[in-house]
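Okay, structure first, notes after.
The values are calculated or read from the model by the stated rules, or taken from the named source; none is laboratory data. Treat the numbers as computed from the prediction; the structure is a model and nothing was measured. Glycine gets a Cβ as well: all are built from the backbone with ideal geometry, and neighbour counts include every protein chain shown.
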Amino acid sequence: MPLNPKIQHLSELRNVLSNNDKTSEGLVSFFVKLKFDKVCKVFDGVKNKGFGVADSLLILCLLQLSHLSVWAMFRSGINTLNEGGKDVYYRMKNNPMFDWRKLLLAAAKQSASLTSKGCTDIETTLVKCFILDDTTIEKTGYKIESIGKVYDHVSQRMILGFKMLTLGYWDGKSFMGIDFSLHREKGKQATKPYGLKPKQVKEQYRKIRPVNSPQSKRVKELDISKIVNAIKMLKRAVRNGFKASYVLTDSWFMSEKLILEIRSIKSGAMHLLGMCKIDRRQYLYEGKLYTAQELLKKGKKRAKRARKFKAHYIDYVVEYKGTKVKLFLSHYSATSSWNLLLTTDLGLNYTRAIEIYQIRWTIEVFFKEMKQYLGLGKTQSNDFDAHIADITLNMVTHIALGLQKRFNSYETMGALFHENQKQLLELTLWERLWGLFIELMNQMLEFLGVNIESLLEKALRDEETEGRLIKVLQVLSKEHEKAA
């Protein structure tokens, strides 16, 4: 069904959206380009009291940009966009039969289809990756269904909320989130399940759902291992047509189970590349078992230098739990601590491995954008279904914004730069950003004595550090332009 003309013109949202009219209308045009009404057909058969699902979902997506709740929208007088009133939106977000995962995957597939059309030969050879990571979604109400306390590694304390496991997709030029699940942590104290007092658990909202409903399955995911759910997400993404050469992870996800499962997908078509803890796990090398620390001691004398990253590294091809893997033990010139990078791709050299692994930081940027600009995790509904709906709408809106940015910034310039496609790719945001980051690292690492991972994580988590880093990047950018 066609989108409501009222929504296309956004005339009634103009006073409450944080974006200006032109930007908002431009975003709607990309929802149209995304064929949003077609995407919403995954909800065919689910009753919505006779009101258009696509229209209602579009309004909910647009509200993400202004951090407005449905209640705030109607309080502002925006009550004619849907004749059913605010209850239509509440019923939609709380409906256990809505399969929000299908909606997100449909939007991601449609976006991927649009961006793949007309790709140049150079673009089709760019590395494609799946990226796995989690972030903490903080909440304030103990009565929220299934809420609990989880450990936040950034603040290093227990907070009330959920852990959000996310599967992202990097197509060589841009990132989008394509799947997610919420998790809780049971805790070690039997007297305080999920870190809460028994009275707090007893007072939580409870809802009876049909056993096989989509949202019933999402509730069960709360207590499933993140590794197990990550594997399910990867297999689901591949079944839906997403192709990648690598799965990128941080050290928390690195495990024997993940290695084996990734290598089993599509007969070994994908490789795992990620950081690994220097711990007690052992690797078979030349017929003997060694820990990473022992391999480091054994190979220090043959350490090589990677000039591009001002780093020293030692590489090994070893066997881990029956699977051949390649290890890179490395440290930057300014630091004494060593890191361990593990990959199942035995053909990778150190420089290329680091270049690919750096793509993992796009998911950290994604989390920051989602929280800062789209209000990720802000809903305080007691109904768990509403939280799944809200995060899905956040991610669908992010996909539409990414599509808008990509088409406006890159694709419309395709004809102009057709004769120099390589130069066009070098001018993409990704290439320019990481070129500057590398230049920044070369100039600052030895002076600061910090690890690149630590610096980037601190920049993404701390606004003051981010501001300082941006100022340095701006100076470097100006110097780069002068030199050019």
Quiz item: Can you spot a residue in segment 196-207 that is closer than 23 Å to Ala389 by Cα, in contact (Cβ under 8 Å) with a residue 12 or more places away in the chain and not charged (D, E, K, R)?
Solution: yes
Quiz item: Before we move on, is Leu341 in contact with a strand residue (DSSP E or B) (Cβ under 8 Å, 6 or more places away or on another chain) and either modelled with pLDDT under 90 or buried (at least 17 other Cβ atoms within 10 Å of the Cβ) (or both)?
Solution: yes
Quiz item: Does Glu256 meet the test of being over 16 Å from the mean Cα position of the chain (by Cα), surrounded by fewer than 15 Cβ atoms within 10 Å (Cβ to Cβ) and not hydrophobic (A, V, I, L, M, F, W, C)?
Solution: yes
Exercise. State whether the residues of segment 184-197 include one that is assigned to a helix (DSSP H, G or I) and not hydroxyl-bearing (Ser, Thr, Tyr).
Key: yes
Quiz item: For segment 179-194, how many residues meet the condition of being farther than 14 Å from Lys220 by Cα and among the small types (Gly, Ala, Ser)?
Solution: 2
Quiz item: Which of the following residues is among the charged types (D, E, K, R), at pLDDT 90 or above, touching a Phe, Trp or Tyr at 6+ places or on another chain (Cβ under 6 Å) and surrounded by fewer than 20 Cβ atoms within 10 Å (Cβ to Cβ): Glu138, Glu145?
Solution: Glu145
Quiz item: Just checking, which of Gln215, Gln189 is on the phi < 0 side of the Ramachandran plot, in contact (Cβ under 8 Å) with a residue 24 or more places away in the chain and of a type in the set (S, T, N, Q)?
Solution: Gln215
Quiz item: Among the residues of segment 382-424 satisfying the criterion of being more than 23 Å from the chain's Cα centre (by Cα) and at pLDDT 50 or above, which is farthest from Asp55 (Cα to Cα)?
Solution: Asn382
Practice problem: Quick one: which strands (runs of 3 or more DSSP E) lie wholly within segment 258-336 and hold at least 1 residues that are without any contact (Cβ under 8 Å) to a residue 60 or more places away in the chain and under 15 Å from Thr351 (Cβ atoms)? | Solution: 304-306, 311-320, 323-332
Quiz item: Mind checking which residues of segment 300-357 are under 20 Å from Ala269 (Cα atoms) and small (Gly, Ala, Ser)?
Solution: Gly322, Gly347, Ala353
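Consider segment 204-220. How many of its residues are in a helix (DSSP H, G or I) and surrounded by fewer than 18 Cβ atoms within 10 Å (Cβ to Cβ)?
Qualifying residue count, segment 204-220: 3.
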Quiz item: Taking segment 174-216, which residues are out of contact with any helix residue (DSSP H, G or I) (no Cβ under 9 Å at 6 or more places or on another chain) and under 22 Å from Lys232 (Cα atoms)?
Solution: Val211, Asn212, Ser213, Ser216
